[in-house]
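S.K.: Before I ask anything, here is the structure I am working with.
The values are calculated or read from the model by the stated rules, or taken from the named source; none is laboratory data. Since we're looking at a predicted model, the values are computed, not measured. Cβ placement follows ideal geometry from the backbone for every residue including glycine, while neighbour counts extend to all protein chains displayed. The area values use the complete protein model at the heavy-atom level, side chains included, leaving out ligands, DNA and RNA. Shrake-Rupley method; radii C 1.70, N 1.55, O 1.52, S 1.80 Å.
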Amino acid sequence: MAAIELLAPAGSLEKAKTAIRYGADAVYIGGQQFSLRSRASNFSLDQIEELCSFAHEHDSKVHVTVNIIPHPDDFNGLEDYLQALDQAGIDAIISASPAIISTALKMPDRHFEVHVSTQRSILNEKAVQFWKNLGADRVVLGRETPMEAIEQICKQGIVPIEAFIHGGMCISFSGRCVLSNHMTNRDANRGGCAQSCRWKYFLYRNNEMISDEQTLFSMSSRDLQAADQIEKMIHAGVASLKIEGRMKSDYYLAVVVGAYRRLIDEIEANGQADPEFLAEIIQELYRAENRPTGPGFYHGLPNENVQLYRKHDETVTQEYIGLVLEADRPGYLKVQVKNHFAKGTPAELFGPGIAPYPYTIDEIQDLEGNSLEVCNHPMDIVYLKWEGPSKAGSMIRKQRI
Ligand code: SF4
């Protein structure tokens with residue numbers, strides 16, 4: 001079985017490093033030009049260069065989205081920008097624009113691969129072959145591709161295939177939505193999506209309002225969570241498993257990347273994951289801040305149960321309480337406080353290569369060694385008496401009881 005790539009999003013240098021430490025084989029980021037997520041904290045060329053060095057030292061890769069659908073005025077500086085990305089050491093660009101893709105493919109000494117973005121809505125082997133014939137190195141399938149089609153496409157071995165496994169779904173066909181444009185004049189295909197599908201709307205029938213404050217209508221999809229499909233994808237020969245969410249937090253990335261890393265390693269080592277282990281991974285994925293999740297198109301056509309027509313606020317969890325810093329005192333963890341906690345808090349620690357395990361916080365000290373009862377201030381540095389495996393970058397959260 002060829003090792004499959006776990007591909008994580010990152011909205012900042014620190015988040016990219018977190019994703020890599022927690023097991024991402026590659027990260028994808030936006031540059032400051034020609035990229036969607038125009039409001040996300042996109043990377044400067046210097047930051048991209050720094051990330052490439054870090055990633056390559058950790059056997060990981062960097063993919064850069066160059067994925068706007070450009071209007072005629074958007075092309076200024078494209079060749080120079082692609083050259084600069086190449087010199088920075090990136091491993092791939094992700095693009096949906098035939099103009100950008102053909103420009104990249106014509107670069108004489110290009111070192112990076114060209115991946116065709118999910119925005120091209122590639123759902124079948126003929127479309128994959130079309131992009132292969134044009135010179136693409138990889139195709140990112142549309143999120144609407146059913147599992148049988150993924151298996152069929154991979155069997156043809158046309159070009160490496162990337163498929164989404166986790167994160168936000170569009171209610172519209174991915175990459176073809178004009179809702180945000182229509183409602184706000186913000187173009188989803190140029191990085192400006194206002195997520196209008198997730199707003200709450202009053203419903204009218206024949207000019208009569210049939211909803212009220214309690215029954216506001218929305219049309220959002222549940223987020224994708226495809227842990228139960230990973231085994232099939234690995235056996236089908238998918239090249240890369242993609243997590244969505246360049247705006248997500250460090251904690252989200254650590255939880256989601258760490259959980260899928262464990263699942264992939266288990267399947268690659270044993271050919272499968274037993275049901276108890278899979279259930280544990282799914283429980284772990286629920287610990288990330290999320291909208292409600294569903295299987296997307298992987299269990300067949302989505303029905304009303306994977307749409308969110310009513311109240312569906314994102315769960316904001318305060319359970320992430322501390323980031324473990326470099327160790328400098330035996331028997332204690334040096335911790336940056338993230339959320340309020342107190343002595344006696346039942347906690348658990350997880351980290352790069354460390355599965356979550358429980359431990360009760362029974363001693364807290366400040367940097368001068370004074371005993372503390374509570375930690376109230378995010379970013380404070382404290383010591384926690386601790387027994388059990390840990391390394392810098394591990395995270396401590398409250399147990400869910
Ligand atoms: S408005 Fe909703 S469906 Fe449209 S692009 Fe944005 S997230 Fe996707």
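S.K.: I need the full set of residues from the stretch 74-106 which are in a loop (DSSP other than H, G, I, E, B) and open to solvent by 20 Å² or more (accessible area, probe 1.4 Å), in order please.
M.R.: Asn76, Gly77, Gly89, Asp91, Lys106
S.K.: Looking at the stretch 1-48, which of its residues are modelled with pLDDT of 95 or more, within 18 Å of Asp265 (Cβ to Cβ), open to solvent by 30 Å² or more (accessible area, probe 1.4 Å) and over 14 Å from the mean Cα position of the chain (by Cα)?
M.R.: Arg21
S.K.: Now for a different question. Considering only residues that are over 19 Å from Leu6 (Cα atoms) and in a helix (DSSP H, G or I), look in the stretch 256-276 and name the one that is least open to solvent (accessible area, probe 1.4 Å).
M.R.: Filtering first and then ranking leaves Pro275.
S.K.: Continuing with this model, one more query. Inspect all residues belonging to the stretch 145-156 and state whether any of them is modelled with pLDDT of 90 or more, within 22 Å of the chain's Cα centre (by Cα), within 16 Å of the ligand (Cβ to nearest atom) and assigned to a loop (DSSP other than H, G, I, E, B).
M.R.: Taking every residue of the stretch 145-156 in turn, none turns out to be modelled with pLDDT of 90 or more, within 22 Å of the chain's Cα centre (by Cα), within 16 Å of the ligand (Cβ to nearest atom) and assigned to a loop (DSSP other than H, G, I, E, B).
S.K.: Would you confirm whether any residue within the stretch 57-73 is in contact with a helix residue (DSSP H, G or I) (Cβ under 8 Å, 6 or more places away or on another chain) and in a helix (DSSP H, G or I)?
M.R.: No, the stretch 57-73 contains no residue that is in contact with a helix residue (DSSP H, G or I) (Cβ under 8 Å, 6 or more places away or on another chain) and in a helix (DSSP H, G or I).
S.K.: For the condition within 12 Å of Gln33 (Cβ to Cβ), out of contact with any Cys (no Cβ under 6 Å at 6 or more places or on another chain) and either at pLDDT 95 or above or assigned by TED's automatic domain parsing to the domain that holds Phe43 (or both), what is the one hit in Ile68, Ile101, Ile94?
M.R.: Matching residue, one of Ile68, Ile101, Ile94: Ile68.
S.K.: Before we move on, is Gly135 surrounded by fewer than 22 Cβ atoms within 10 Å (Cβ to Cβ), within 27 Å of Met107 (Cβ to Cβ), more than 11 Å from the ligand (Cβ to nearest atom) and touching a residue at least 12 places away in the same chain (Cβ under 8 Å)?
M.R.: Answer is yes for this residue.
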